[in-house]
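The values are calculated or read from the model by the stated rules, or taken from the named source; none is laboratory data. Here the structure is a predicted model, which means the values were calculated and not measured. Cβ: placed from backbone, ideal geometry, glycine included. Neighbour counts: every protein chain shown. Calculation scope for accessible area: heavy atoms of the full protein, side chains included, ligands and nucleic acids excluded. Shrake-Rupley method; radii C 1.70, N 1.55, O 1.52, S 1.80 Å.
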Amino acid sequence: MKNIKEIEKIYFNFEKLADDYRDLPETLAAHRKTMEFLTAHKMPEKIKLEVDDLLCDIAQEGERQGFLYGFQYAIRLLIGEGGTEA
């Protein structure tokens, strides 16, 4: 990917660029559902926190990848190099 470091700068600082940046209700609900599942299955607190950290790492990397690919795709659409042209 060209200019990946420049695009990553936007991703890693997005909360500073958007005045209304916050977790969406769906994101909070998914996290709450996961923690309720671990609690219901008697997961020890220490392990529950470690699992939460690992799941957050997976989610963050998926979000980052989606942002990078989506950003580049949006740019290609804007310059007429992607998608279906009318």
Inset, instruction - Confirm whether L68 is among the aliphatic types (A, V, I, L, M), open to solvent by 80 Å² or more (accessible area, probe 1.4 Å) and assigned to a helix (DSSP H, G or I). - result: no
Inset, instruction - Please go through the stretch 37-65 and pick out each residue that is within 18 Å of I4 (Cα to Cα) and surrounded by 13 or more Cβ atoms within 10 Å (Cβ to Cβ). - result: R64
Inset, instruction - Give me the pairs, please: first residue somewhere in the stretch 1-17 and within 13 Å of G66 (Cβ to Cβ) and among the polar types (S, T, N, Q), second residue anywhere and loosely packed, with under 11 Cβ neighbours inside 10 Å and at pLDDT 90 or above, beta-carbon distance under 8 Å, and either six or more positions apart or on two chains. - result: none
Legend entry - Residue among Y11, Y73 that alone is at negative phi, in a helix (DSSP H, G or I), aromatic (F, W, Y) and touching a helix residue (DSSP H, G or I) at 6+ places or on another chain (Cβ under 8 Å): Y11
Legend entry - Residues of the stretch 5-22 satisfying the condition of being among the hydroxyl-bearing types (S, T, Y) and surrounded by 11 or more Cβ atoms within 10 Å (Cβ to Cβ): Y11
Legend entry - the stretch 23-36, residues that are open to solvent by 100 Å² or more (accessible area, probe 1.4 Å) and either over 22 Å from L49 (Cα atoms) or more than 16 Å from the chain's Cα centre (by Cα) (or both): R32, K33, E36
